[in-house]
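So the structure is just underneath, and the comments pick up after that.
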Amino acid sequence: MSKTRVRFAPSPTGPLHMGGVRTALYNYLFAKQHGGDFILRIEDTDSNRFVPGAEEYIIESLRWCGIFPDEGVTPDGKVVETASPEHPHAPYRQSQRRSIYRQYAEQLVASGHAYYAFDSAEELEKVRTEAESKGQTFIYNHLTRGSLRNSLTLPPAEVERLLAERTDWTVRFLMPEGRVVEMDDLIRGHISVDTATLDDKVLWKRADELPTYHLANIVDDHLMEITEVIRGEEWLPSLPLHYLLYEAFGWQDSQPRFAHLPLLLKPVGNGKLSKRDGDKLGFPVFPLRWTSPAGETSRGYREDGYFPEAFVNLLAMLGWNPGTEQEIFSLAELVEAFSLDKVGKAGAKFNPDKAKWFNREYLRMKSDAELAALWLPLLKEKGVDAAPTFVESVVALIKERATFVQDFWDIASYLFVAPTEYVQKDVDKFYKPEVFAMALEAMEASDADTLEAYVREHEMPMGKVMNCIRLALSGAASGLAIHDIMRFIGRDESLARLRRMQQKLG
């Protein structure tokens, strides 16, 4: 058997959606499990939709996730343009392979599997309008091709003239009539499609001398010796055409196996997960922050504080079920456990709360030193210059309460700086002159370990006094235990905070 070779072939038309990252991940896991290669190919044949910076964004996103291609990208993240022993199939941008595709399009015309079409955009729009006026939908297929301007209906001399003079002609696939295409999908099983339901797709365009996706991906997959094509469900309707193209080229023996992944669905209801859903419900749908050429910024999982391992883990579980109760997988464990036969057919509903759960679990698995190292730069941004050992001890106390590293400040900022504001509802409830007097007495007469015993021994109202003290120490009546706060900031600072609260509140 040939070596397993799979590819991820995104288009640089904008930021990489988390569904695209999942497609890359499943390809990567499949390749590594079978000892094969994972190839990154940039499908930039749609020149009208190309977005500057999108290619770099795609590569950086994969690298953040720990998904490193075996072919297609250099170690510094550049798409390979020149063939070498490590990258024998370069270039890996389809726009740089444009000289390859026309010969294959012409080959299909010569063998009778494709034809030249000379219908202008205006002529096709007129035909569509006429069809709509009759309550019909125009499709360029076996029923209409005979009445349109193409090499099937025009004299050979006219075809030659138009090929030489016009620059807007295309090559269309000649969809065979009376055929049922029999196909197999590694996820969905056997599929049959009647060619009567299919149209004559454009394969190559003279205007920009570039192929469409249909021709380019078939030719490149063949030349790059791809053994499995693992891609999104949105390409399932194109599968019959791709089967027929392999047949037309005579490449059936090397045709890859296909697997079409289920969609990522909205958190509520059906429909594909979109940026609009994220904006509405407050979660990102892109791995990294993205700023469009127009200046519009979209949130990213990295910038929102997610660990890449957590992001990869949650993506793996969206559509794949290991068949066990295990939910936490390292990348190495995913490589060992993953299989396409455990990928479902139905769409996977995204749950933003579950995404946070994954991050919380990964945060708790990290060492205190590791988390402290991540938090220290954020503390410096707050103007706090704390010793790493002190920060590490704070992390040990609070990490069970956090979902993200940036939560640490909200949980325990008062261990570094005294509060300057106090929660008003807590002030109204617990800041009473007689209660404050008891709190001050207890604080002056005890320390972190004896404070509670002193309050109890002198029959002070425990709840009111302790909440008054916590209000002074942290700015609120809720939070960490008072003895933990006092151990970190010390008895003198605790007393000072109590008096500062009195001065501020009067």
Can you confirm whether the range 74-81 contains a residue that is in contact with a Pro (Cβ under 9 Å, 6 or more places away or on another chain) and closer than 27 Å to Ala337 by Cα?
-> no
Any idea how many residues of the range 263-311 are over 23 Å from Phe50 (Cβ atoms), among the basic types (Lys, Arg) and surrounded by 16 or more Cβ atoms within 10 Å (Cβ to Cβ)?
-> 3
Looking at Ile100, Ile67, Ile58, which is the one that is more than 20 Å from Asp208 (Cβ to Cβ) and in a helix (DSSP H, G or I)?
-> Ile58
Quick one: count up the residues across the range 282-332 that are part of a loop (DSSP other than H, G, I, E, B) and over 15 Å from Thr23 (Cα atoms).
-> 28
Only one of Ala105, Ala83 that is more than 26 Å from Arg302 (Cα to Cα), aliphatic (A, V, I, L, M) and in a loop (DSSP other than H, G, I, E, B) = Ala83
Please work out which residue is surrounded by the most Cβ atoms within 10 Å (Cβ to Cβ), limiting yourself to the range 1-54 and to residues that are of a type in the set (D, E, K, R) and part of a helix (DSSP H, G or I).
-> Arg22
Is one or more of the residues making up the range 458-475 without any contact (Cβ under 8 Å) to a residue 60 or more places away in the chain, surrounded by fewer than 21 Cβ atoms within 10 Å (Cβ to Cβ), under 47 Å from the mean Cα position of the chain (by Cα) and closer than 14 Å to Tyr414 by Cα?
-> no
Which listed residue is touching a residue at least 24 places away in the same chain (Cβ under 8 Å), over 30 Å from Asn313 (Cβ atoms), surrounded by fewer than 19 Cβ atoms within 10 Å (Cβ to Cβ) and of a type outside the set (D, E, K, R), from Ser84, Ser120 = Ser120
Qualifying residue in the range 304-318 (condition: in contact with a strand residue (DSSP E or B) (Cβ under 6 Å, 6 or more places away or on another chain) and not small (Gly, Ala, Ser)) | yes
Filter result for Met175 (of a type outside the set (Lys, Arg), under 30 Å from Ala31 (Cα atoms) and surrounded by 13 or more Cβ atoms within 10 Å (Cβ to Cβ)) = no
For Glu392, all conditions in the list (1) more than 27 Å from Arg63 (Cβ to Cβ); (2) surrounded by 18 or more Cβ atoms within 10 Å (Cβ to Cβ); (3) within 21 Å of the chain's Cα centre (by Cα) hold save one; what is the number of the exception?
-> (3)
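Taking the range 454-478, which residues are under 16 Å from Asp426 (Cβ atoms) and not in a helix (DSSP H, G or I)?
Pro461, Gly475, Ala476, Ala477, Ser478
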Scan (1) part of a helix (DSSP H, G or I); (2) assigned by TED's automatic domain parsing to the domain that holds Leu198; (3) surrounded by fewer than 19 Cβ atoms within 10 Å (Cβ to Cβ) for the single condition Tyr243 breaks and write down its number.
-> (3)
Do we have Glu125 as out of contact with any Pro (no Cβ under 6 Å at 6 or more places or on another chain), assigned to a helix (DSSP H, G or I), within 21 Å of Tyr246 (Cα to Cα) and among the acidic types (Asp, Glu) here?
-> no
In the set Val384, Val423, which member is more than 36 Å from the chain's Cα centre (by Cα) and modelled with pLDDT of 95 or more?
-> Val423
(1) in contact (Cβ under 8 Å) with a residue 60 or more places away in the chain; (2) closer than 23 Å to Ser147 by Cβ all hold for Gly232 apart from (2)
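Do any helices (runs of 4 or more DSSP H) entirely within the range 341-426 hold 2 or more residues that are hydrophobic (A, V, I, L, M, F, W, C) and at positive phi, and if so, which?
It comes to none.
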What are the residue pairs meeting all of these: first residue in the range 17-45, first residue at pLDDT below 95, second residue aromatic (Phe, Trp, Tyr) and outside any helix (DSSP H, G or I), Cβ atoms under 8 Å, and 6 or more apart or on different chains?
-> Asp44/Phe50
Give the residue, chosen from Ala445, Ala373, that is aliphatic (A, V, I, L, M), without any contact (Cβ under 8 Å) to a residue 12 or more places away in the chain and farther than 18 Å from Ser474 by Cβ.
-> Ala445
Which residues, taken from the range 266-283, are under 18 Å from Tyr301 (Cβ atoms) and touching a Leu at 6+ places or on another chain (Cβ under 7 Å)?
-> Lys266, Pro267, Leu273
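The values are calculated or read from the model by the stated rules, or taken from the named source; none is laboratory data. The model shown is predicted, which means the values in this text are computed figures rather than measured ones. Note that each Cβ is placed from the backbone with ideal geometry, even for glycine, and that neighbours are counted across all protein chains shown.
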